Amino acid sequence: MSVLIYAENSKGKLKKSSFEAASYAYSVASMLNTDAYAISIGEVSNEELEKLAKYGIKKILTVNTAQMHNFVNQAYASVIAEAAKSLSSNVVVLSATFSGKALAPRLAVKLQAAYVDGAISLPTNDGAFTVRKGAFSGKAFADVSMSAVNKIIAINPNSFPIAENSQPAVVEAFAPTVKDTDFRTIVKEIIQAADKVSLPEAEIVVSAGRGLKGPENWGMIEELADLLGAATACSKPVSDAHWRPHSEHVGQTGIAVSPNLYIAIGISGAIQHLAGVSSSKVIVVINKDPEAPFFKAADYGIVGDAFDVVPKLIEAVKEFKATHA
Amino acid sequence: MKVLVCISNVPDTTTKINFNDDKTSFNTTGVQFIINPYDEIALTRALELTEAQGGTVTVINIGDPSTDATIRKALAIGATDAVRINAIPRDAYFVATQIAGYAKDQGFDLILTGRESIDYNGAQVASLLGEMMDLPSISIVKSLQIEGGTATLEREIEGGKEVISCPLPLIASASEGMAEPRIPNMRGIMSARTKPLTVVEPVEVPNLQNIIKFEKPEGRGQVKLVSADEVNKLVDLLHSEAKTI
Ligand SMILES: Cc1cc2nc3c(=O)[nH]c(=O)nc-3n(C[C@H](O)[C@H](O)[C@H](O)COP(=O)(O)OP(=O)(O)OC[C@H]3O[C@@H](n4cnc5c(N)ncnc54)[C@H](O)[C@@H]3O)c2cc1C
Ligand SMILES: Nc1ncnc2c1ncn2[C@@H]1O[C@H](COP(=O)(O)O)[C@@H](O)[C@H]1O
């Protein structure tokens, strides 16, 4: 018995969410009196992989062949299943990123495992192995008891603090056999804005809605986001009108986010919007209408015109940063 | 081209969520059910593709007879025919096993699902089906083109997108951007009444997990308002009280 994490990387660097998964797996392993291991797939240096030792991972398997450099969910699921078998891992932990969510169900079928997607709690230690996840688009929680012997948990980014539990670790090359038919999909191109904070993983999100009147007014939103190291987001009508790309649309039919801080500017707070943001830890609303429904779902608010308040907020943050550098 | 679109029957997006006293079941009293919004996007793209290249679009739902209204709506939007597997959908694994069982010898070129159902939010069915049927599966697809038996897809990734090429048959889960959902017209609604809806009995599926309890999140306290003339105060609160900056 052991706990295995899939340590996801982006361009050779382990993602922050992989360290969250490691910290989570260490807690689960401690509960089960066993060890936590990792599998990495892709072009990642051993030195980078050794960082996982700091979060309690004892052994790291790495698959770094050219064939595996691009993400193909079918092939990656085969590799992780082989790793789980060779390490006798009956619990696999990964992060509920776009790639994590695309491969975990395939892994669940391979391992005949129970699978909880988007977990927000550790499993209970009562034999039922119950894990909490969000349901009904943020309007409820579901507690899922994982009865199968093998278990797979995809944890929500930003739901678990990274915790240090340093110990020595070894990195070993792993050479599983993967069948040719696992590679029917071919990645032709990866288009990624280089210096942008990724929305699902962001700790702070600055989001704006139709109250901003038009795409030409997003300069101040981006400036505020840059200052805070935040990702930018928007409401659905804004992306429908092509003021902003669809990849920024949050809510029931867009991306669900759970940052530490969500700042909503000129957004009314419709139930479908709230569905994607209500699990944010702290919500700030800036809206000129004191009756806007979003104020009922917020921790802090400013009633005022965005074109007046946001520039002032930018100045206030600059001042704050100057004194707290 | 033969396309299968998986449609889920979900509470309308404005629904207030309530559970029965047992805390394990959703209270459907007064709830309006709709086609899962992403499944509507998938269905529309399937219709666009078959209208341009010829073919049929079958919709499939795992549900009890109460979901027939939602299935008829899919037929009204333009699906050729429909299949309902007569069971209460226990979880995504159950749903995918039923769909794989039905689809395995039907020769579909393309199977589409939504990126996730807005009730269970699992984002599971497409990948589960892919593994069960040993087919490629591509999740959270924003664009799908098909030419000469090969699909070109754009998949969402953190901070961008990936362009993927894949031979048919394949499974994809549809996201915003793949198509603009269609609204059924009068003729569609009339013809939907007579289109075939086949009811199939379910197969047995092992039980790997159970939802033992639903709970509603606690509301936030009263909002703390800061005057627009004292924006500095907000920054201070976010630093010293909320500890988020
Ligand atoms: C099936 C379905 C799914 C949906 N999914 C989503 C989803 O995923 N995400 C989503 O966001 N929406 C979704 N919606 C749409 C949702 O119902 C709302 O229509 C939408 O969220 C409203 O966007 P908004 O708040 O930007 O615009 P509006 O509702 O137009 O609100 C604009 C707000 O800006 C304020 N304002 C105006 N001018 C200023 C100013 N100068 N300064 C400050 N404030 C100002 C106004 O007081 C108002 O509150 C969905 C709807 C349906 C039917
Ligand atoms: N009961 C169901 N019947 C048919 N298809 C379903 C059902 N439940 C889910 N699906 C499909 O699977 C997708 C993802 O659902 P989920 O994995 O539950 O998030 C949905 O968008 C549907 O396309």
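The values are calculated or read from the model by the stated rules, or taken from the named source; none is laboratory data. From a predicted model like this one, the values you see are computed outputs, not experimental measurements. Here Cβ is always computed from backbone atoms with ideal geometry, including for glycine, and neighbour counts include all displayed protein chains. Please note that ligands, DNA and RNA were not included when accessible areas were found on the heavy atoms of the full protein model with its side chains. Shrake-Rupley method; radii C 1.70, N 1.55, O 1.52, S 1.80 Å.
A few notes on this one:
- Rounded to the nearest 20, the size of the Cβ-charge dipole of region A:2-183 about its Cα centre is 340 debye, with Lys and Arg at +1 and Asp and Glu at -1.
- When accessible surface is computed with a 1.4 Å probe, chains B and A are found to bury approximately 7200 Å² between them, both chains counted.
- The residue among A:10, A:317, B:207 whose Cα reaches farthest toward the positive pole of the charge dipole of the protein assembly as shown, with charges on the beta-carbon of Lys, Arg, Asp and Glu, is B:207.
- At R0 = 56 Å, FRET efficiency that the Cβ-Cβ distance of residue B:204 and residue A:46 yields, to 0.05: 0.75
- Shielding by partners, peptide B:135-147 (average Cβ within 10 angstrom, other chains): 3
- Dipole orientation for the protein assembly as shown: of the candidates B:175, B:59, A:177, B:59 has the Cα lying most toward the positive pole (charges on Cβ; Lys, Arg +1; Asp, Glu -1).
- If only the Cβ of Lys and Arg carry +1 and only the Cβ of Asp and Glu carry -1, the dipole of region B:83-181 around its Cα centre is close to 220 debye.
- For the residues A:68, B:132, a 1.4 Å probe over the protein chains yields an accessible-area ranking, largest first, of B:132, A:68.
- Extended-chain gain in nm, criterion 0.36 nm per residue less alpha-carbon gap, residue A:288 and residue A:325: 10.1 nm
- For the protein assembly as shown, with +1 on Lys and Arg beta carbons and -1 on Asp and Glu, the positive-most of A:147, A:116, B:198 along the dipole: B:198
- Electrostatic dipole magnitude of region A:101-227 [Cβ: Lys, Arg +1; Asp, Glu -1; Cα centre; debye, to 20]: 700
- Rolling a 1.4 Å probe over the protein chains gives residue A:268 an accessible area of about 70 Å².
- Euclidean distance of C-alpha centroids, region B:36-103 and region A:273-325, integer Å: 42
- Cross-link partners of residue B:23 among aspartates and glutamates (Cα-Cα below 12 Å; sequence separation of 8 or more within a chain): A:143, B:215
- 16 Å Cα-Cα reach of residue A:296 towards aspartates and glutamates, excluding residues that sit fewer than 8 places from it in its own chain: B:218
- Crossing angle, helix B:68-77 versus chain B [Cα axis fit, 0-90 degrees, rounded to tens]: 80
- Note on residue A:128 and residue A:67: the model spin-label points, each 7 Å out from Cα along the C-beta direction, lie 4.5 nm apart.
- Note on surface exposure: A:86, B:8 rank A:86, B:8 by accessible area, highest first, 1.4 Å probe.
- FRET efficiency, 1/(1 + (r/R0)^6) with R0 22 Å, evaluated for residue A:112 and residue B:81 via beta carbons: 0.10
- Of the trypsin sites (Lys or Arg not before Pro) found in region B:147-245, the ones in coil according to DSSP and having at most 12 other Cβ atoms within 10 Å of their Cβ are B:193, B:243.
- Computing FRET efficiency as 1/(1 + (r/R0)^6) for residue B:152 and residue B:227, where r is the C-beta to C-beta distance and R0 is 51 Å, gives about 0.45.
- Net charge over other residues, Cβ less than 12 angstrom from the Cβ of residue B:52 (K, R count +1; D, E count -1): -2
- Computed with a 1.4 Å probe over protein heavy atoms only, the accessible area of residue A:85 comes to about 120 Å².
- Two-site label geometry, residue B:21 and residue A:189: point separation in nm, points 7 Å out along Cα→Cβ: 6.1
- Distance from the Cα centroid of region B:149-171 to that of region A:148-198 is 19 Å (rounded to whole angstrom).
- CD proxy at 222 nm, helix term only [per DSSP H run n ≥ 4: -39500 (n - 2.57); per residue of chain A; nearest 500]: -8500 deg cm²/dmol
- Separation of the residue B:31 and residue B:90 label points, Cα + 7 Å toward Cβ, nm: 2.0
- Expressed as a whole percent, the accessible surface of the protein assembly as shown that belongs to carbon and sulfur atoms is 51, based on a 1.4 Å probe.
- Computed accessible area, residue A:78, all protein chains, 1.4 angstrom probe, square angstrom: 10
- Greater than 32 Å apart at Cα, pairs in A:13/A:85; A:13/A:281; B:104/B:213; A:312/B:142: B:104/B:213; A:312/B:142
- Full-extension gain in nm, residue A:16 to residue A:165, via 0.36 nm per residue minus C-alpha separation: 52.0 nm
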